[in-house]
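J.: Have a look at this one.
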Amino acid sequence: MSNHLPTVFKYDPTTGVIKRHGKPLSTKGNAEGYLRLCYMYTQMYQHQLAFFLMEGRWPLEIDHIDGNKGNNKWSNLREVTRSQNEMNKKSLGITKRPHGWWEVRVQKDGVCTSQKHKCLGQALKAVKELKQLLHGEYTYV
């Protein structure tokens, strides 16, 4: 199937648009926001196809750098490990505890780092700093 894809689909890396026989594919995302397509009875994601059309191989995992799962511009896609992709989630990792404390939890490679703070402002600052420290370029805050 992969041998036929470059002749059937054309990808514009600057816009992120994939065309099939000259017509743009759907820009309506699924429940998670990913753009999908069906080709030869196989469901796939447009960002995976874009990667294949650019690199000539299928990625293990792709991260949308800006967090927008519908933005398939080449500059917004990068191949990552599962752990790196999990770091770029939009969740804050802050929970209000029953005794009034704000708990900050950030995970990397299965290890959870936890901190307690008296106010939400301190917790927000701490989670941003902790994610930047642990997740580096994969941080989404």
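J.: Report the extension gain between Glu61 and Leu124 in nm, rounded to one decimal, defined as 0.36 nm multiplied by the number of residues separating them, less their alpha carbon distance.
T.: Full extension from Glu61 to Leu124 adds 19.8 nm.
J.: Let me ask another. Sort 123-133, 57-67, 13-23 by packing, meaning the average of other beta carbons within 10 Å per residue, with the highest value first.
T.: Answer by packing, highest mean first, reads 123-133, 57-67, 13-23.
J.: For Val111 and Cys38 in one chain, what is 0.36 nm times their gap in residues minus the Cα-Cα distance, to one decimal in nm?
T.: Full extension of this stretch gives 22.5 nm more.
J.: Another question, then. Pairing the Cα long axis of helix 46-55 with the longest principal axis of the chain, what angle in degrees results, from 0 to 90 and rounded to the nearest 10?
T.: 70 degrees
J.: Given +1 on the Cβ of Lys and Arg, -1 on the Cβ of Asp and Glu, and no further charges, what dipole in debye does the stretch 5-79 carry about its Cα centre, rounded to the nearest 20?
T.: Here the size comes out at about 380 debye.
Rule-based calculations on the coordinates, nothing more; no lab input. In this text the structure is predicted, and so the values were computed from the model without any measurement. Every residue, glycine as well, gets a Cβ built from its backbone with ideal geometry; the counts of neighbours run over all protein chains shown.
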